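These notes are about the structure you will find just below.
The values are calculated or read from the model by the stated rules, or taken from the named source; none is laboratory data. All values reported here derive from a predicted model rather than from experimental measurement. Note: ideal-geometry Cβ built from the backbone for every residue, glycine included; neighbour counts use all protein chains shown.
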Amino acid sequence: MKKFIFLILLLISGFAFSQTQNAVAKDSNNEKILNDKPSIFPKGTEVFRKMISDNFRMRKINSHKNIFCEITFIVERDGTISNIKAKGNDEDFNKEAIRAVSKIKDKWIPAEINGQKVCSRYRVPLNINFN
């Protein structure tokens, strides 16, 4: 039951947000141009969230309150993820969230600025409600 509640809340808890890239270049008329693409999980955001849910071990969480966690990581130029961190109100939940994301080995499509692949920060909010 806890896993089912977690899966439902994970899927509806919000969208993952990518850091907005703001590269400024100037064209021949000296006007500012923004040209960017955010990093993208090739199978889609919902599949990424489902993969987190599938990797998550609810038995590691010893809580009966509402838990919030925000996972952040870097999408590297080669599409791998690194520097995975979790910040939230339950340390066990944070550790399990980091472990669940670390198990996902699929590569991302990296962000681009002016046609150049760049590193970008990605954020995924997670919630569990034990009501």
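Results, tabulated for the structure shown:
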| quantity | calculated |
| --- | --- |
| Number of the condition not met by GLY14 [criteria: (1) touching a strand residue (DSSP E or B) at 6+ places or on another chain (Cβ under 6 Å); (2) at pLDDT 75 or above; (3) part of a loop (DSSP other than H, G, I, E, B); (4) among the small types (Gly, Ala, Ser)] | (2) |
| Cross-chain or 6+ apart pairs with Cβ under 7 Å, region 76-105 first and assigned to a loop (DSSP other than H, G, I, E, B), then buried (at least 17 other Cβ atoms within 10 Å of the Cβ) and of a type in the set (Lys, Arg) | ARG77/LYS117 |
| Members of region 74-101 found to be of a type outside the set (Val, Ile, Thr) and within 11 Å of the chain's Cα centre (by Cα), listed by number | LYS85, ALA86, ALA97 |
| Which listed residue, of GLU76, GLU70, is at pLDDT 80 or above, of a type outside the set (Lys, Arg) and under 18 Å from ASN127 (Cα atoms) | GLU70 |
| Flag if ARG59 is more than 14 Å from the chain's Cα centre (by Cα) and surrounded by fewer than 18 Cβ atoms within 10 Å (Cβ to Cβ) | yes |
| One residue from ILE74, ILE128 being buried (at least 16 other Cβ atoms within 10 Å of the Cβ) and over 23 Å from PRO38 (Cα atoms) | ILE128 |
